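Each remark here refers to the structure printed beneath this line.
The values are calculated or read from the model by the stated rules, or taken from the named source; none is laboratory data. Here the structure is a predicted model, which means the values were calculated and not measured. Methodologically, a virtual Cβ is constructed for each residue, glycine included, from the backbone with ideal geometry; neighbour enumeration extends over all protein chains shown. Side chains included, ligands, DNA and RNA excluded: accessible areas come from the protein's heavy atoms. Shrake-Rupley method; radii C 1.70, N 1.55, O 1.52, S 1.80 Å.
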Amino acid sequence: MASGVTGAVDPIHDERFMAAAIRLSRRHLGLTLTNPAVGTLIVRDDGAGPIIVGRGITALGGRPHAEAEALAEAGVLASGATAYVTLESCAHHGRTPPCAEALVTAGLARVVGAASDPDPRVSGRGYEILRRAGIAVTEGVLAERAADQMAGYLMRSIGKRPEVTLKLAVSSDEMIGRQSEGQVAISGPVSRRQAHLIRAESDAILIGIGTALADDPELTVRLPGLEDRSPARIVIDREAQLPLGSKLVLSAGQVPTLVAASADAPAERRRALEAAGVRLLATEILDGRVALPELLEDLAARGISTLMLEGGAGIARAFLAEDLVDRLALVSSPVVVGGQGVPAPVTADRVPAGFVLVRNAVFGDDTYTEFVRRR
Ligand code: AOF
Ligand code: ZN
């Protein structure tokens, strides 16, 4: 149906505008605390083709919601228009009034939604408010793509733990490093910048104490313009051995540093780390190791929705063995590690059962492949 002069957009454009709304929302990934980064576009067609009249992303810190931002920009032009929302609009009175009601008040003719919201205050009710008010609703347009981008929010809501991404750079001889050597350059400069982008979009990065001691990494985002997007750094460090002179401890005042240590770790070590600004996470120890499911539950309770694993092989194997990896971000490089190599726990040709390819790209001399676990 041609939309004529009513303002409503022809449904043939739905996927295109939803894709644009999803791309828009990516800007605030990692910046909306426990809220998902939602995107909203308000589009109208007065006979000359569709025009975007309002854009919104869930604001920094999680509020206002995306719809409120987009409606503020559209003003009176929202009346009779179509809204594209990457998540079902909310139905609850939180710190802001329900977005579904705001869309009704603004006089939208049609609302197109992507992912559904598992939040029991919203689930199904947002669409119901819209339909009762006579707004035409189309659900589930590019739902998988939208859900993939807000996988952290969905995992934290449903699974009560963060979404875990294992990032690995794998050499052509299927190694991820060299025994008792610090960082070995496996990925090239383009891949390294892309890895920093994943960091910027994550809530936290986790490594083991072995990697912390061997590499003394900083784990910050060092992309021009995104230096303030460094996520929290977490070290699994049962005995609280992280050196006070390490880059992680020295920068704890600027970027949060957390250490998951046993309650039995030497008290003076724990105190010294705390005095240096490190936060200690009380962890359960099972068979001599930090209990990972409980640690993840604790991180989710602290508001962490996305967790990136950056090293080393032991941590990767432990999370894989407990089926706690949701996403694999693999860089395959032409570099040869040779003798004393640390074998890769997974490679692009050898992913555990249940993982499916969602993305691939060429990053300079490297190949990037991303897989997600279908549960
Ligand atoms: C929307 N648009 O942009 C977002 C939504 O604590 P509150 O009041 O901000 O509510 C949090 C819930 O709101 C969150 O669990 C999710 O259901 C929804 N997020 N909803 O309509 C948005 N970010
Ligand atoms: Zn809302």
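Normalising by residue count, the chain has a Cα convex hull of 149 Å³ per residue. Just to confirm the number: angle between the C-alpha axis of helix 189-201 and the first principal axis of the chain, 0 to 90 degrees, nearest 10? Around 70 degrees separate the two axes.
Multiply the residue separation of Glu128 and Glu174 by 0.36 nm, subtract the distance between their alpha-carbon atoms, and state the gained length in nm to one decimal.
Numbers: separation 46, 0.36 × 46 = 16.56 nm, distance 5.19 nm.
Result: 11.4 nm gained on full extension.
Taking a ≥ b ≥ c as the square roots of the eigenvalues of the Cα gyration tensor, segment 11-149 is rounded, since a/c falls below 1.5.
Summary of packing: across the peptides 227-236, 303-312, the per-residue average of other C-beta atoms within 10 Å ranks them, highest first, as 303-312, 227-236.
Test of understanding: what is the full-extension gain from Asp349 to Arg375, defined as 0.36 nm times their sequence separation minus their Cα-Cα distance? Please list the in-between numbers first.
Numbers: separation 26, 0.36 × 26 = 9.36 nm, distance 2.03 nm.
Length difference between fully extended and current span is 7.3 nm.
Output the 0 to 90 degree angle, nearest 10, between the alpha-carbon long axis of helix 292-301 and the longest principal axis computed from the alpha carbons of the chain. Approximately 40 degrees, to the nearest ten.
Each of His196, Ala20, Thr211 was scored by the projection of its Cα onto the charge dipole of the chain, and the greatest displacement toward the positive side belongs to Ala20; charges sit on the C-beta of Lys, Arg, Asp and Glu.
So what is the calculated 222 nm ellipticity per residue for the chain, using -39500 (n - 2.57) for each DSSP H run with n of 4 or more, over all residues, to the nearest 500 deg cm²/dmol?
Working: 12 runs with 104 residues, N = 375.
Rounded to the nearest 500, it is -7500 deg cm²/dmol.
Per-residue packing, averaged as other Cβ atoms within 10 Å, sorts the ranges 64-74, 289-299, 264-274 into the order 64-74, 289-299, 264-274, beginning with the highest. Per residue, the average separation of C-alpha pairs within less than 8 Å and at least 6 apart gives the chain a relative contact order of 15 percent. Close amide-amide hydrogen proximity is noted between Phe363 and Tyr368, each under 5 Å apart and 5 or more residues distant or on a separate chain (H modeled in the peptide plane; Pro and chain starts excluded). Between segment 69-98 and segment 122-158, the alpha-carbon centres lie 13 Å apart. For the chain, the per residue solvent-accessible surface stands at 45 Å², with DNA, RNA and ligands left out and a 1.4 Å probe.
Express in nm, to one decimal, how much length is gained between Arg317 and Asp216 on full extension, taking 0.36 nm for each residue of separation and deducting their alpha carbon distance.
Working: separation 101, 0.36 × 101 = 36.36 nm, distance 2.10 nm.
Between Arg317 and Asp216, full extension yields an extra 34.3 nm.
Of the residues Gly124, Pro162, Leu142, the one whose Cα sits farthest towards the positive end of the charge dipole of segment 60-190 is Gly124 (charges of +1 on Lys and Arg Cβ, -1 on Asp and Glu Cβ, taken about the Cα centre). Placing pseudo-labels 7 Å out from each Cα toward the beta carbon at Ala263 and Glu73 gives an inter-label distance of 5.0 nm.
Charges only on Cβ, +1 for Lys and Arg, -1 for Asp and Glu: so what's the dipole of segment 165-261 about the Cα centre, in debye to the nearest 20? Before the final figure, lay out each step's value.
Details: 10 positive and 12 negative charges, 38 e Å.
The dipole of segment 165-261 has a size of about 180 debye.
Based on the reciprocal of the average 1/r between different C-alpha atoms, the Kirkwood radius for segment 106-207 equals 17.4 Å.
Shown for the chain: the carbon plus sulfur share of the solvent-accessible area, taken with all protein chains present and a 1.4 angstrom probe, equals 52%.
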